[in-house]
1. Using 1/(1 + (r/R0)^6) with R0 = 41 angstrom and r between the beta carbons of Asp651 and Asn606, what's the FRET efficiency to the nearest 0.05?
2. Taking 0.36 nm per residue of sequence separation and subtracting the Cα-Cα distance, how much length would be gained by fully extending the chain between Ala505 and Arg258, in nm to one decimal?
3. Once you compute Rg and the Kirkwood Rh from C-alpha atoms, what is the Rg to Rh ratio for region 124-171?
4. Take the alpha carbon atoms of region 492-538, find their center, do the same for region 433-474, and report the distance between the two centers in whole angstrom.
5. Restricting attention to region 462-496, which trypsin sites (Lys or Arg not before Pro) occupy a DSSP loop and are surrounded by at most 15 other Cβ atoms within 10 Å?
6. Post the alpha-carbon centroid distance, region 342-395 to region 733-757, in whole angstrom.
7. Taking R0 as 60 Å, what's the FRET efficiency between Lys412 and Leu437 from their Cβ-Cβ distance, rounded to 0.05?
8. Could you list the square roots of 5 times each eigenvalue of the Cα gyration tensor of region 118-220, that is, the equivalent ellipsoid semi-axes, sorted largest first and rounded to whole Å?
Amino acid sequence: MSLAFKINLLLTCVNAQLRITMLNESGVKDINSTNRNRFKLTASLLVLLGAVAIGFTLSIIQIQSGTAAYLAALSNWSHGVSESVRQSEIYLRSGDPRALKLARDKYQLPLGHMLGRLILERDVLDYDSAYRGFLQGGNHPDDISRMIWLFRFFQNAPYFKDAVKAWQSSDPWIVRLGNTLDKLPHTRQKSLIEVEVLQSELDEITQKLAQPQTEFQVKMSLASRVLAILLSIVSVIFFLLLGGIATLLLKKLTSTIRISEYKFRSTFENAAVGIAQLDADGRIKDANSALCDILNYNFTVLSQLRYNQLIHPEDSNIFIEERAILDKGLSERVSFKQRLHRIDSSVIWVQTTMSRFEWGNPSEIRYICIIEDVSEQQRLSKELSYQARHDNLTGLINRRAFDGYLSESLLKARSENFVHCLCFIDLDQFKVINDTLGHFAGDQLLLQVTQLFSRQLRKSDLLARLGGDEFGLILDCCEPEQAIKTAENLRNSLSEFPFSWDGRAFNIGCSIGITPIMATSTDEASLLQAADSACHMAKEQGRNRVILTYQGDKELAARRIQMEWIERIRRAIETDSLYLDAQKLVSLTSVQHTHIEVLVRMLGENNEIIPPGAFIPAAERFNLVHLLDRWVIEKVCSHLQRYPLELNGFDVCHINISGKSFDQEDFTDFTLKTIAHYNIPANKLCFEITETAAVSNLNVVRNFMEKLRELGSSFALDDFGAGLSSFAYLKQFPVQYLKIDGVFVKNMANDKTDKAMVRAISDIGKTLGKVIVAEFVEDEPALKCLQEMGVEFAQGYHLHKPERLDGLVNKSRVG
């Protein structure tokens with residue numbers, strides 16, 4: 001029956017009763033017109049009061065039904081949010097596209113509720129659009145009209161207004177959840193740190209959405225209870241005023257209340273999360289089926305327990321502290337994670353949101369706990385945390401976690417006066433194996449090295465992979481002498497370790513730097529720097545050895561001074577405190593071609609010129625030289641765009657490239673993009689690469705040469721003759737020029753051996769079709785010897801001293 005029909009039926013009954021009363025009284029005595037009018041007025045007032053009572057009562061019933069519908073909608077909303085987050089975390093861990101699809105499907109539930117409410121907040125109601133939004137949110141079609149009616153007429157009512165405000169506060173996080181879902185398809189290419197960031201974002205969204213969810217449920221529940229109390233009072237008043245009408249109304253009202261209470265109870269029981277009501281002593285007064293299922297208790301047993309009996313002993317203080325916050329009035333609700341015991345003594349992680357309210361009178365306090373099982377989320381979070389702190393290949397802790405353990409060791413050394421030792425281990429010639437055999441072989445070597453080292457260490461020692469072929473080791477409670485013995489054992493075992501691949505055997509060694517961790521140690525960064533410096537010293541002294549150093553060592557202090565160049569080099573690049581010199585390569589043949597070689601220089605704080613021998617070695621040692629090479633390439637290309645070489649009488653510009661630059665994966669792409677950006681002819685560039693760098697980075701250098709050669713650039717093999725396998729590798733590189741190492745050239749007029757070496761290199765180079773360039777030509781006798789041998793180009797102070805590139809260009813243009 002419709003609401004109008006119910007009201008009309010009750011009013012008809014009231015009028016009929018009044019007419020019968022008036023007829024009975026007229027038979028007893030004559031009622032004068034004044035009394036009759038008064039009676040009619042009273043009857044009219046009674047009818048009006050009855051109509052108002054009925055309308056008021058049915059309105060409250062409608063409000064309760066709408067409230068129950070919103071509580072049911074909250075269950076759908078909560079389910080959509082939790083499932084979307086859970087499936088997103090599964091996708092982060094496994095990459096399963098089904099999880100991503102399910103996450104997006106579940107996301108439509110909270111999104112539909114948000115869209116429906118936004119439409120209702122407009123001045124002009126678009127009923128169909130609002131209906132579709134709530135339908136998308138998973139609500140029953142019969143409940144949607146009540147939800148729309150309740151919102152339009154009571155959105156500013158007490159409690160309901162607070163519930164709506166809580167609902168509105170969830171919008172940014174629902175939108176952010178959608179944005180996070182859009183990021184997920186790209187996550188598989190991201191680093192572990194970025195994956196951790198996404199996981200943290202999902203955790204933050206879950207936490208932030210828990211508060212409006214709880215506040216909405218609590219406020220809506222309170223609204224329902226307040227309305228129930230108000231309805232009872234109104235019913236009693238109208239019972240006294242209207243008698244039989246109130247009785248009929250009460251019967252109808254009681255029936256409706258039962259239905260509403262049933263719906264509310266049904267919503268309470270069928271909620272996706274567990275709900276418990278506690279008294280002031282922590283006894284469980286009520287609990288829904290979801291909570292019983294989470295804990296595997298039946299209600300009878302659960303209702304006989306105190307809530308703190310379910311809490312894991314280690315988490316009991318959490319509950320006490322959070323409850324104290326509510327009791328002190330510091331917050332309306334608290335949310336926290338804790339562990340609970342199931343009936344079989346197993347432990348689960350739950351997210352608990354608790355609020356406090358008065359039950360009937362101020363002296364009787366109750367607590368509402370909304371409990372959600374987050375064991376799977378906790379497991380996934382721990383798994384992601386493990387992955388973020390450990391190396392995927394070896395299973396060892398990574399650099400980030402290692403830094404934390406190093407801090408703990410330093411604190412332990414200071415507080416307990418124990419000595420520990422920090423070791424920095426770098427595998428020798430690992431890059432050669434990686435480049436010649438492939439990354440899979442390199443990975444297998446790292447795995448076997450990890451297993452070899454781990455077997456020889458104590459349980460208290462900590463081994464970590466810091467990146468590439470670098471390992472960190474903290475030897476717990478270990479004196480330096482014992483640390484040297486342990487490191488030597490590791491080094492010897494690795495030297496004797498037979499690593500073979502595809503039938504080929506390789507001898508593997510390692511360089512180990514050790515520094516003690518003592519109470520007097522300054523900080524973690526200094527310890528890492530000392531160990532790293534000691535490792536570099538071991539490499540410089542011939543590799544495959546152990547070096548122990550203290551933070552006060554003179555050699556370490558000298559190295560620290562050298563490391564200060566790091567900041568100076570970076571600052572010089574950022575402030576453009578570098579400039580280019582140029583030196584001519586003079587043709588010794590009848591065909592006159594003039595080349596120039598650019599040389600990078602640095603200016604000090606007072607514009608003094610800093611020689612390259614002061615900063616280039618530091619830049620190479622600390623992997624900053626690629627930044628210098630990039631600066632030079634950028635400046636040369638920019639210069640050639642403004643001053644083309646052919647306008648100044650030069651044919652080719654030579655640029656030195658450090659071997660360390662080829663360790664950067666994007667260096668080749670950077671060079672190609674820079675040439676394309678400045679739109680200069682690539683055939684005007686000749687890249688000089690040392691023989692040692694070419695051999696050490698065989699595949700990378702060859703790829704660099706092939707790509708630049710396609711554009712027309714040429715190449716020179718610099719310092720040729722200084723290596724051990726010069727002629728063996730010469731055929732493998734597409735170089736046009738051989739630059740004979742200056743150590744043979746500068747004294748060749750007086751040393752027969754040097755002269756013979758220069759002649760041999762020149763003859764073999766010409767046989768292979770290479771153009772020979774001699775460096776360090778410092779006197780006329782050396783120049784004549786080179787001319788006699790038929791060397792094509794000479795370079796040195798005897799022919800031309802380096803000068804500013806801009807000045808050389810201007811001088812050439814004037815000439």
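1. 0.65
2. Result for the pair: 80.5 nm of gain on full extension.
3. Here the Rg-to-Rh quotient is 0.97.
4. The two parts, judged by their Cα centres, are 11 Å apart.
5. none
6. The two parts, judged by their Cα centres, are 75 Å apart.
7. It comes to 0.90.
8. 33, 17, 11
Since every read-out is calculated from the coordinates, none of them should be taken as a lab result. As the structure is a computational prediction, the values presented were derived from the model and not from experiment. Backbone-built Cβ (ideal geometry, glycine too); neighbour counts: all protein chains shown.
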